[in-house]
Every structure is written in structure tokens, then in C-alpha cells.
Amino acid sequence: MEFENDINYLDQHFLIDRSIINLFVDSAELKPTDNVVEIGPGKCEISDIIAKRSGHLTCIEIDRNLEHFINVLKDKHDNVDVIYGNALNVYIPPCDKIISALPYSITEPFIEKLLRCDFNMCILIVGKRFADAVVNKSLTKLALLSNSFFDVTKIMDITPDAFDPSPRVMSSMIRLVKVPREDLKFSFKRFIFREMFFHRDRKLKNNLMEALIEFAKLHDKKLTKKESKSIIEEYEIPKEILNKEMENLSNEEYELIYNILK
């Protein structure tokens, strides 16, 4: 590859600030029994700390040019495995914690992948713009998706000089904790969007109908399809939006639907 020795070609920015590295790992509250997945170990400086504090570490790395650092890590620790490949495509094994400084270009598809992963807590370094949208509960698609499945906390903002090479934007460290479906019994909008995000290839009208029925079930009640359709009619959502597939809705349309639901 022409850019094989240029780490920018994979949108990689390695965290080099020692105090932030320590906080990054500390924020995961690692226990000796924890099974951890680190996505993008890079030169394995953070991986070395994780391996010392956890029961098992699985590294997922896309860049074979960094294989030397991973081999050194594996020689040093007998509780480390590695999976080479794109984190968006490979199987992420069940674990207690996920730790990653994501390439910001894959934030959205990675968050979507997390919906179907088996873990308890995830510590991420992401773009500040995304972190602020989620923490401030913005009504964009990605913020709604994130807040429907996770309790999200911002730990800190990070300046570009904490990385090598420096990204062009500010970053943020955030914690995502999975919210069980049953815990949304009294969070109507959050539950409805959570259900609909699982079936984004469906038209909104069908997705919303099924989500309303599932919310009724959560309260040990029965809602028929006819009754559900009647409720949707009362919302007066424009027909052209109802007939769109969820994945094709704009941020403005997501905001409209959120504000209409009651």
C-alpha cells in the first residue's frame, strides 16, 4: 500500500498524554476478573496497563503494521489474545468492558454495532461534537440511538496535543453503560426509539406500530394492531414520513417524531 507507513491512512491518532492514559484506564474501573476488549491497541501502551489490571484482554486491531507491538505485549502477558480485522466487521466477543479510542469517522456505525454486543460498560474517546450531542440529549439520530440504549456520561474533554498525530478537532472521553430493556418501563419515548432502532429497515409506520405494542406488553397490557394504528393517526405524523424507512429519516424528521410522541 502506498501509505503503508503513514498512520493517518487509517485515521489513527495515538493517545500519548500519560495523565489522560491513566484516567482512560481508571475510568473502566477494572477488576482482576474482568474480561476486556480493546479496539485499536495501536502501540499497546494502554493495552499493557489493561492486561496488568484485568483477567483477560482481547485486542482488535486492523493495522498489521502494528503487529510487532502486539507480539511484544503477548510475550509479556499470558492473558492477551488478538483479533486482526476491522472492528465493524469482526465478531466482538462477550466481555465486561470495552475500551477504545475510536477513529472518529466510524463513530456512528460502531455505536450501532454496540447495540448487539454483549458487554456492561464501554469507555470511548470520541469527537467532542458527538459527545456533547449525546450528553446534552440532542434530538439527532445518533444521539437518540445512543441514549435509547445507554446511560452516557462525559468524563472529560481532550485537546488535540494529547495525541500523535494531533487530530483537527477536540475529543472527549465518555462512559457508556448498557440500560436493560425492562428498565425503560417508565421512559416511553426512550423505549419506543430503542425498539424502532432495532428494525431500521422497516417503514416508520410499521416500526412505530410494533413498538407501541411492545410497550403495552412491558406493562402487562395488550394493544392490538388496530388500536396501535389509531394511536399513530392521532399523532398526525405526515404520511410521507410514515412511509419512509427509519434508516432514511433525516435528523429533522427524527426530532419531529420525538416531539410528537406522547
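Listed values, structure above:
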| quantity | calculated |
| --- | --- |
| Net length gained if the chain between N86 and R168 were fully extended (0.36 nm per residue, minus Cα distance) | 27.2 nm |
| Per residue accessible area of the chain, 1.4 Å probe, in Å² | 51 |
| For F198, distant residues with modelled amide H under 5 Å away | none |
| Scattering curve values for the chain, log₁₀ I(q)/I(0), Debye with Cα scatterers, q = 0.10 Å⁻¹ | -0.57 |
| Around E247: net Lys/Arg minus Asp/Glu count, Cβ-Cβ under 13 Å | 0 |
| Separation between Cα centres of the stretch 39-69 and the stretch 221-262, rounded to whole Å | 44 |
| Computed [θ] at 222 nm, deg cm²/dmol, the chain (DSSP H ≥ 4; -39,500 (n - 2.57); rounded to nearest 500) | -11500 deg cm²/dmol |
| Hits among aspartates and glutamates - C-alpha to C-alpha of K31 under 16 Å, sequence gap 8 or more where chains match | D48, D96 |
| Alpha-carbon radius of gyration plus Dmax, which is the widest Cα pair, for the stretch 1-108 in Å | 13.3, 43 |
| For the chain, built as a Gaussian network whose Cα springs stay under 10 Å, the top-fluctuating residue of K229, K76, K221 | K221 |
| Overall form of the stretch 123-219 per C-alpha gyration tensor (a/c, 1.5; a/b vs b/c) | prolate |
| Degrees separating the helix 188-197 axis from the principal Cα axis of the chain, which is the longest one | 70 |
| When the stretch 11-58 is reduced to its Cα atoms, the Kirkwood hydrodynamic radius in Å | 11.1 |
| Value of Rg to Rh for the stretch 34-85 (Rh from inverse mean 1/r over Cα pairs, i.e. Kirkwood) | 0.91 |
| Integer Hz, Karplus 6.51/-1.76/1.60 couplings in order for the stretch 73-80, x for Gly and Pro | 4, 5, 5, 7, 10, 8, 10, 10 |
| Links that overshoot a 27 Å alpha carbon limit, given the list K113/K205; K221/K244; K154/K222; K137/K226; K189/K225 | K221/K244; K154/K222; K137/K226 |
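The values are calculated or read from the model by the stated rules, or taken from the named source; none is laboratory data. Keep in mind that what you see is a predicted model, and the values were worked out from it rather than measured. Ideal geometry is used to build each Cβ from the backbone, glycine not excepted, and the neighbour counts take in all protein chains shown. In case anyone asks, the SASA skips ligands and DNA or RNA and just uses the protein heavy atoms, side chains included. Shrake-Rupley method; radii C 1.70, N 1.55, O 1.52, S 1.80 Å.
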